[in-house]
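Single-structure report; data block below.
None of the figures in this text is laboratory data; all of them are computed from the coordinates on show. Keep in mind that what you see is a predicted model, and the values were worked out from it rather than measured. Cβ: placed from backbone, ideal geometry, glycine included. Neighbour counts: every protein chain shown.
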Amino acid sequence: MSKAAIDIHNLPYADGDFFAFEQLLSAKEQDRLAEVREFLAREVRPIAVDCWNRAEFPMELIPKLAEIDLVSPVRRQGYSNLFAGILHAEVTRADTSIATFMGVHDGLFTGSIEALASQEQQDAWLPEIYSLKKIGAFGLTEPLGGSDVAGGTRTTARRDGGNWILNGAKRWIGNATFSDWVVIYARDVEDNQVKGFLVDTKTEGYRASKIENKISLRTVQNADITLDNVVVPEFFKLANANSFRDTNKVLKVTRLAVAWQAVGQQLAAFDVARRYAVERSQFGRPIASFQLIQHQLVQILGNAVSSMGMMVRLSQLEDAGEAKDEQSALAKAFTTARMRESVALGRSILGGNGIVTDFEMAKVFADAEAIYSYEGTHEINTLVTGRAITGISAIV
Ligand SMILES: Cc1cc2nc3c(=O)[nH]c(=O)nc-3n(C[C@H](O)[C@H](O)[C@H](O)COP(=O)(O)OP(=O)(O)OC[C@H]3O[C@@H](n4cnc5c(N)ncnc54)[C@H](O)[C@@H]3O)c2cc1C
C-alpha cells in the first residue's frame, strides 16, 4: 500500500479503545454513546479552550445540555453504571471542566438528593434538577476542613422551632457562583452529627464569591461561601442525611466517577498527542516516526487502557451491587497517578506547543492537577486502600 493511501486519522486504534471495552455496552447504550459523542464534538470541544482561557462558564450551553439529557443516567434512565462511567469519561475527553460541572450537578448534588432525601422531597425537587432548570452545588469542604472534613466540619446547624439556622464557611464549591441550590453539610450543635440541607442561594445571609486565578479547571466556577444565620425551613433538611456515614454514600459513587474522569483525561491526551505526532514533522519526517515518540504514545495508551480496564471491572461490580469503598479509593489513586504521567508525556510530545492552550494539550495537562486532588486526594485514597489491606489506619 502506498503511504498516501493510509488515513492516519482513521486507523483502527485511533479512538484509543484498544481492547474494545465499549463492546461490553448494550446496543442501546452504544447508540446513545455515539449520540452524545456527536453532541460533544459539535457543542463542547470547539468552545472549551476559549472558555478555559477566559475562566468563564458557558451559560448558553446549559439548555443544550438539558436537551441532550445527561442527568442521572443510571437511576432515572436505567442505563448501567458501566455506561455511565464510559459516558462521563467521554464528556471529560471533550472538556474536563464541563465534565466537572456535570459531576457536581449530577453526581454530588443530584446524588445527594437521590440518596438522602425523602420520597416527598425528591418528588418536589428532582424534576427541575433533572431538566437543569435548577442548577445545584455540593458544599462539604471548608477553608479549614479539607481531607479531615468528616470529623472537622465547623459549619453549624442549630434547630430553631420549624427552622434550622446555618453558620459557617465553605471553600471550593463548584458551580456555586451561579447555582440555584446548594446542599450544605453542617454539624448539628445538638448531637454533633453532620447533616445535609438544601439551601436556596437567594436566602439572606448566603454569599458566594468566585475563586480567581486557578491554573486548573478554569471554566468551573468554584466559590468561597459564607453562611451568616441562613434560615432553612425543616422541609429542606435532607431526611436521610443524619451523619457523615450518610454523606459517604454519595462520595463513594462520585469517587468512582472521578476515576472515570482520569480515564477520559488520558484519552484526551492520547487524542491530541497522537494527532500532533503524525502531523508534525522534524528532520524531514513526522515526529511519529521516531521510536522515542512512539514509545511515549504507547505509554499513554497503556496507561489509559489499564486505567479503563480497572474502571470497567469496578463499574461491573457497582452494577452487581458489590463495589466497596476501598475499591473506589484504589481506582481513584491508581488512575489519577497514571493520568498525571500520561498528560506529562502528551505535553512533552507537543514540545513548546504543549505549553500554550491553543493546542489543547496545555489545558488537558493543567486540568489533571485538580482531578488528582479533589474527591479525596491521591494520598488519602492511597491510605484508605492501605487501611483495607493492612487493617491499620495511617490517616490519623
Ligand atoms: C477544582 C476543585 C473543585 C472542588 N469542588 C468541590 C466541591 O464542589 N464541593 C466540595 O465540597 N469540595 C470541592 N473541592 C474540594 C476538594 O475535595 C478538596 O480540595 C480535597 O478534599 C482536599 O482538601 P484540601 O484541598 O483542603 O487539602 P488538604 O486536606 O489541606 O491536604 C493538603 C495535602 O496534605 C495531604 N494530606 C492531608 N491529610 C493527610 C494525611 N492524613 N496523610 C497524608 N497526607 C495528607 C493531602 O493529600 C494534600 O496533599 C474541590 C477542589 C478543587 C481543587
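Restricting to the chain, what percent of DSSP beta bridges are antiparallel, rounded to 5? For the chain, the DSSP antiparallel bridge percentage is about 85.
Taking Cα atoms only, the orientation of helix 325-349 departs from the longest principal axis of the chain by about 40 degrees. Looking at the calculated P(r) for segment 136-242, what percent of the C-alpha pair distances fall above 18 Å? That fraction is 43 percent. Simple spin-label estimate for GLN282 and GLN316 gives 4.1 nm between the two label positions (7 Å along the Cα-to-Cβ direction from each Cα).
For GLU60 and GLU190, a Förster radius of 45 Å and the Cβ-Cβ distance give a FRET efficiency of 0.50, rounded to the nearest 0.05.
In the chain, a dipole from Cβ-located charges (positive for Lys and Arg, negative for Asp and Glu) runs towards its positive end, and of SER289, HIS9, VAL199 it is SER289 whose Cα lies farthest in that direction.
Placing R0 at 30 angstrom, the Cβ-Cβ distance between SER209 and SER393 gives a FRET efficiency of 0.25 after rounding to 0.05. For the chain, the spread of Cα positions along the three principal axes, ordered from largest to smallest, is 81, 48, 40 Å. A full extension of the chain between SER131 and SER348 corresponds to an added length of 74.0 nm, given 0.36 nm per residue minus the alpha carbon distance. Axis of helix 45-54 versus longest Cα principal axis of the chain: the two differ by about 60°, to the nearest ten degrees. Placing a label point 7 Å from the Cα of LYS324 along the Cα-to-Cβ direction, the residues of segment 377-396 with a backbone N closer than 18 Å are 381-395.
Contact order for segment 245-390, expressed relative to its length and based on alpha carbon pairs under 8 Å spaced 6+ residues apart, stands at 32 percent. Here the chain is assigned +1 on the Cβ of each Lys and Arg and -1 on the Cβ of each Asp and Glu. Its dipole about the Cα centre then comes out at about 820 debye.
Calculated mean residue ellipticity at 222 nm for the chain: -15500 deg cm²/dmol, from DSSP H runs with n ≥ 4 weighted as -39500 (n - 2.57), summed, divided by the residue count and rounded to 500. Checking the cross-link pairs LYS133/LYS332; LYS324/LYS363; LYS133/LYS252 against a 28 Å limit on the alpha carbon distance flags LYS133/LYS332; LYS324/LYS363 as lying beyond it. So, R0 is 35 Å and r is the distance between the beta-carbons of SER289 and ARG45; what FRET efficiency does that work out to, to 0.05? The pair SER289/ARG45 has a calculated efficiency of 0.80.
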